[in-house]
1. Picking from Leu37, Leu56, Leu127, which residue would you name as being surrounded by fewer than 24 Cβ atoms within 10 Å (Cβ to Cβ) and in contact (Cβ under 8 Å) with a residue 40 or more places away in the chain?
2. Tell me the residue from Gln47, Gln71 that is of a type in the set (S, T, N, Q), modelled with pLDDT of 90 or more and either under 17 Å from Phe156 (Cβ atoms) or surrounded by 24 or more Cβ atoms within 10 Å (Cβ to Cβ) (or both), please.
3. Hey, among the residues in segment 187-219 that are assigned to a loop (DSSP other than H, G, I, E, B) and among the hydrophobic types (A, V, I, L, M, F, W, C), which one's farthest from Gln392 (Cα to Cα)?
4. Which residue, of Gly213, Gly191, is surrounded by 14 or more Cβ atoms within 10 Å (Cβ to Cβ), under 23 Å from Ile429 (Cα atoms) and modelled with pLDDT of 85 or more?
5. Out of curiosity, is Tyr310 in the same structural domain as Ala396 (by TED's automatic domain parsing), buried (at least 24 other Cβ atoms within 10 Å of the Cβ) and under 30 Å from Ala396 (Cα atoms)?
6. Among the numbered criteria (1) outside any loop (DSSP other than H, G, I, E, B); (2) without any contact (Cβ under 8 Å) to a residue 40 or more places away in the chain, which one does Ser339 miss?
7. Could you list, in sequence order, the residues of segment 220-242 that are surrounded by fewer than 22 Cβ atoms within 10 Å (Cβ to Cβ) and assigned to a helix (DSSP H, G or I)?
8. Val266: in contact (Cβ under 8 Å) with a residue 40 or more places away in the chain, closer than 16 Å to Leu22 by Cα and either crowded, with 23+ Cβ neighbours inside 10 Å or assigned by TED's automatic domain parsing to the domain that holds Glu116 (or both), yes or no?
Amino acid sequence: MNNFLDSENMVDNEDGFSFRKLWAFTGPGFLMSIAYLDPGNIESDLQSGSHAAYKLLWVLLCAHIIGFLLQRLSSRLGVVSGHHMAEIAYYYYPKVPRYILWIMIEIAIIGSDMQEVIGTSIAFFLLSNGFIPLYLGVLITTLDTLLFLFLDVYGFRKLEGLFAFLITTMAFTFGYEYVIVKPNQFDVIKGMFVPFCEGCGREEFLQAVGIIGAVIMPHNLYLHSALVKSRNVDRKKTKDVKEANFYFFIESGVALICSFFVNLFVVAVFAHGFFQKTNYDVRGDCDKRGNIPDPESFPYNNETAESDIYKGGIFLGCEFGLAAMYVWAVGIWAAGQSSTMTGTYAGQFVMEVILVTRAIAIVPTMFVALTLNGVRDLTGMNDFLNCVQMIQLPFALIPIITFTSSKRVMHGFKNSSSFQIFSFVISLIVIMINLYFFYDYVISRLGSKWYILCALSLPTIIYMIFVLYLVFFICFYFKNSIKFRIFLFKNKTYLENIILNICPCRHVDKNLLVLVFHFFISFFF
């Protein structure tokens, strides 16, 4: 990793737009776009297609546009400041919030890493017809990820070439599935550009929420701000900084257009072939083929068939032959392998110890692979891990808006007032959508008994207090932090009463809430 930071790629000094110069800046955006193609996104895509057909393609498009705007902030932060977001958070946040933020982002990275390792191990399982067990797939993925990352010693450009190969592999494999399935092109275009979901209910709404949560990944904002540092930019010259921002803007846009179409391929394949099919329908196709592994994934009943990245591969094999299943598995392998590598980079920038990052991620993944009952249960972990990602999102969105809106950090390149408002509103909408999905996920699995709500109320209050702290940091810290601290200490009693009145559960000790509030005031300001 030190090689990555120390051996920056040189950029040509010629004036005017140049494709040669664009090529010199090409790389970081495509590495960033891999987070939009990880196994969690692929599973979200196939579930979107199988549950809502083409009706949610416009949500996928909007999620990519929002992601592009946020990634623009991340790349500008790295280019202008010369530091990645984790470094800036270390410099500007007080000690306690800094450690809490670090823990939250590490949780997000570990959750994402688990998804990616699980996806890759499932790909090995499919490619070997079950010969490579899941736990061995986890080990192989971890070891080959470290091996591939050692390409860094030969120059970061070589590693970017490997990522380009993996992205191309995904484009060809999922594009192949798109071609053989032959979805209705009119329905695809209509789904992309008509923001309406006729006949949709709660299930489709939750699927739309899941798309947004899967696409916008918290660790990716930290990663992108670090990747742009691989290009040598003279930050003392405003012209050079503007030029770097311009080329990274174009490169990121092209990369996310590519990732959008790869995701679209997956949605369309399952919208055409899997939508409203029953287990009996799919099992009948499997029986006709006769040589499909694990057809028991689809039992003989008339229930609507459920989809995940494992069953998706089995379905494609049953419907279009074994070649389609193996091509799907190769695509999942490329998605998992590439996203695992970028996740390791993100963990490195946050934690600064690459082997520790890998060890923390592999232990829970190996435990899950050894204890769950087979591949079907393992793929079901994706919903839980998506929820983990969703509740961590504020700890990336709020800091990126904070730092890119600060003149102290960005100088003349800080966000305009209108863009500050726009980005804050968009981020607030995304955060609220994700929190709703998390609430629905928890209630649907644990129930809404009073003792469950009480058990969740205190962590929820602490979580919301920290989120509000990050918001207040935007509003006051860079402009008037001293006055704000005086306001808090003068009005502690009044604020205590507000907290006690809004507490949703009478069974929580009020003194404990006051104690938490005093801890917040004492350590965060």
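1. Details: Leu37 fails: surrounded by fewer than 24 Cβ atoms within 10 Å (Cβ to Cβ); Leu56 fails: surrounded by fewer than 24 Cβ atoms within 10 Å (Cβ to Cβ).
Just a single option satisfies the conditions, and that option is Leu127.
2. On the way: Gln47 fails: modelled with pLDDT of 90 or more.
Result: Gln71 is the single residue among Gln47, Gln71 that is of a type in the set (S, T, N, Q), modelled with pLDDT of 90 or more and either under 17 Å from Phe156 (Cβ atoms) or surrounded by 24 or more Cβ atoms within 10 Å (Cβ to Cβ) (or both).
3. Quick first cut of segment 187-219, residues assigned to a loop (DSSP other than H, G, I, E, B) only: 194-201, 216-217.
If we keep only those that are among the hydrophobic types (A, V, I, L, M, F, W, C) too, we end up with 194, 196-197, 200, 216-217.
On the way: Val194: 31, Phe196: 29, Cys197: 28, Cys200: 28, Ile216: 11, Met217: 9 Å.
Within segment 187-219, the match that is farthest from Gln392 (Cα to Cα) is Val194.
4. Numbers: Gly213 fails: modelled with pLDDT of 85 or more.
After ruling out the rest, the residue left standing is Gly191.
5. Working: in the same structural domain as Ala396 (by TED's automatic domain parsing): yes; buried (at least 24 other Cβ atoms within 10 Å of the Cβ): yes; under 30 Å from Ala396 (Cα atoms): no.
So Tyr310 does not fit the description; no.
6. Exception for Ser339: condition (2).
7. Those that are surrounded by fewer than 22 Cβ atoms within 10 Å (Cβ to Cβ) and assigned to a helix (DSSP H, G or I): Lys229, Ser230, Thr238, Lys239, Asp240, Val241, Lys242.
8. Values: in contact (Cβ under 8 Å) with a residue 40 or more places away in the chain: yes; closer than 16 Å to Leu22 by Cα: no; either crowded, with 23+ Cβ neighbours inside 10 Å or assigned by TED's automatic domain parsing to the domain that holds Glu116 (or both): yes.
Taking the combined requirement at face value, the residue does not satisfy it.
The values are calculated or read from the model by the stated rules, or taken from the named source; none is laboratory data. Just so you know, these numbers come straight off a predicted model, no measurement behind them. Quick reminder, even Gly has a Cβ in these numbers, built from the backbone with ideal geometry, and neighbours come from all protein chains shown.
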